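Laboratory data are not the source of any read-out in this text; all were calculated from the coordinates shown. The structure presented is a predicted model; accordingly, all values stated were derived computationally and were not measured. Here the Cβ positions follow ideal geometry from the backbone for every residue, glycine too, while neighbour counts run over all protein chains shown.
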Amino acid sequence: MSLSIYNTLSRKKEPFEPVTPGKIGIYLCGPTVYKPSHVGHAVGPIIFDAIKRYLVYLGYEVTWVVNITDVDDKLIIEAANQNTSTFELAERITKDYLDAMALLHVDGIDLMPKASEHMQDIVSIIERLAKKDIAYESDGDVYFDVSKDEGYGKLSNRRIEDQEGQRDLKSGDKRNPGDFALWKAAKPDEPDEVKFDSPWGQGRPGWHIECSAMAMRYLGDTFDIHGGGLDLVFPHHENEIAQSECCTGKPFANYWMHNGLTRFNTKKIAKSDADPEMQKALIRMTLHNLLVEHSPELIRFLILSTQYRSPIEYSDAELASKRKGIDTFYRLFERVERLCGSSPYGAAGQIGNPPLNDKKWAGPALESDDLRKACDDQLDAFTQAMNEDFNTGVAIAGLFELAGTINRTIEQGKLESAGSEEDKQCVLTAAGRLICISRLLGLFLDPIEKKSAGDDGVADKAMDVLIKIRQHLRKEKKDFETADMIRDLLADSKITLEDRADGTLWRAE
Ligand SMILES: [Zn+2]
């Protein structure tokens, strides 16, 4: 079965055909770098990072561009509030964003162009539009005349007449109420660093034209996939299409993919805007703070557990439930390591080298017919789910199934007490294959960390002491209350103890 993608433009799933065989260009609208990113800003990058990994697995050569909007009204206002330059603010927030992306293993972005470095591209598109009388100047501002574009509204399914209600918003000398700014004349009180030269005097570009210019610069006039959040369909993406297609006379992006938005379901968030509690909750959810509190892998797992077009429920309960889910895999990997004496992470190789869809497992052959079939079947199910408009939710459900099969094989074969070396090797290879498939989503890339980075094993030593005290309390003193208290206090700090016949294991999220 071949890949199909839901295209917002046609409002249906379409078979995927790249512009150039074997190659795919993807443009995803990136952040406006004026305040720290929150969890919503991670959704698009995580989804498209998984999509890119999968497309590379299918054998495509993928170029993925995410822009940085560093010229924008919001940036000018925020820099003034903070008594700094827009340049300094943009640099600082961009760094914050990139740090978060690195922690989340969003590794696949090829280019991150900045709007401020593409003024020539922007101006030349506006000049071409002006030559066709589709763009017009008014007091140093330049507008796009929506009435000149027959296709205007095709993405968001709006007609120009629907915007007649905005007539009272008409300002300056716009020809139509729905006309949007391509270029904004500089205002006297604005800082010099946001004043760029143009044939219409000093000013700065509108947000929409920045994306058109950077997408076409790096991916060509017509490219494959344009992505972004559902909230960008109108006006941002509608206007990107209008100005790009009117400029070149060619289709802009062939497939428009829009991810669902994050729904914040914490009680605190449900309150009003002015509520200081909500402000605090929002600060808590900046990506930076989130990644201090939770493992990046958990955030990635949460976001990929739903098909990308559905809204993402974000709440403490949802996080707790996903933590339980991801623990299922961690427990299995630890169990296999204990059983086999080596880590399944080490047994995981790369799969999916070209040619397309060639089923290729790295590492040793799997001698168990049942496990081999289970792995092959799950890779098929995974491929099918991803080919159906990148259904990562169904793909992850399949990973749980394979984990269950491996666990059952260990239990039914009583491998922990009486398994042969061959049986154990089969389980190790199967767990390695499970990791292989998961890595196509960017999951389980690194072995679970049992201690914080840079603590020189102090955490390990301290935990050994705590575990010994707790064992003493349980076995010698029969003081189960205090022993349980230790376990519960550790759980509050997201450290899990697992009592087993051969001792107690610990794991920090
Ligand atoms: Zn954009």
Item checked: Crossing angle, helix 480-492 versus the chain [Cα axis fit, 0-90 degrees, rounded to tens] -> 20
Check: What is the helix-to-structure angle for 458-475, meaning the angle in degrees between its Cα long axis and the longest Cα principal axis of the chain, kept from 0 to 90 and rounded to the nearest 10?
Finding: 40
Margin query: I'd like the distance separating the alpha-carbon centroids of the stretch 228-267 and the stretch 429-445, in whole Å.
Written below: 32
Item checked: Backbone HN-Hα couplings from phi across the stretch 375-386 [Karplus 6.51/-1.76/1.60, Hz, Gly and Pro as x] -> 5, 4, 4, 5, 5, 5, 5, 4, 4, 5, 5, 6
Next item on the list: First measure r as the distance between the Cβ atoms of residue 422 and residue 492, then evaluate 1/(1 + (r/R0)^6) with R0 = 56 Å and state the FRET efficiency to the nearest 0.05.
Entry: 0.85
Check: Once fully extended, how much extra length lies between residue 460 and residue 138, figured as 0.36 nm per residue of separation less the alpha-carbon to alpha-carbon distance?
Finding: 109.1 nm
Check: What list of ³J(HN,Hα) couplings, whole Hz, do you get for the stretch 237-247 from phi and the Karplus terms 6.51, -1.76, 1.60, once you set θ to phi - 60° and write x for glycine and proline?
Finding: 6, 4, 6, 4, 4, 4, 6, 6, 6, 5, 6
Next item on the list: Using 0.36 nm per residue of separation minus the Cα-Cα distance, give me the extension gain between residue 10 and residue 499 in nm, one decimal.
Entry: 170.6 nm
Check: Which of rounded, prolate, oblate describes the stretch 78-165, given a ≥ b ≥ c as roots of the alpha-carbon gyration tensor eigenvalues and a/c under 1.5 marking rounded, otherwise prolate only if a/b is larger than b/c?
Finding: prolate
Margin query: On C-alpha positions alone, give me the angle between the axis of helix 207-219 and the longest principal axis of the chain, in degrees, nearest 10.
Written below: 70
Next item on the list: Tell me which residues come under 5 Å, amide H to amide H, from residue 71 once H is placed; ignore anything under 5 positions away on its chain.
Entry: 115, 116
Check: Each residue of the stretch 308-317 in order: what ³J(HN,Hα) in whole Hz does its phi give by Karplus 6.51 cos²θ - 1.76 cosθ + 1.60, θ = phi - 60°, with x for Gly and Pro?
Finding: 4, 7, 7, x, 9, 7, 10, 7, 4, 5
Next item on the list: Could you rank the peptides 238-251, 286-299 by their average count of other C-beta atoms within 10 Å per residue, with the highest value first?
Entry: 238-251, 286-299
Next item on the list: Rank-order 478-486, 309-317 by packing density, defined as the average count of other C-beta atoms within 10 Å over each peptide's residues, highest first.
Entry: 309-317, 478-486
Next item on the list: Hand me the tally of lysine pairs in the stretch 458-508: alpha carbons under 24 angstrom apart, and the pair either on different chains or 8 or more positions apart.
Entry: 6
Item checked: Listed peptides 5-15, 25-35 by packing density, highest first (mean Cβ within 10 Å) -> 25-35, 5-15
Next item on the list: Could you tell me whether the chain comes out rounded, prolate or oblate from its Cα gyration tensor? Rule is a ≥ b ≥ c as square roots of the eigenvalues, rounded for a/c under 1.5, then prolate if a/b exceeds b/c, otherwise oblate.
Entry: prolate
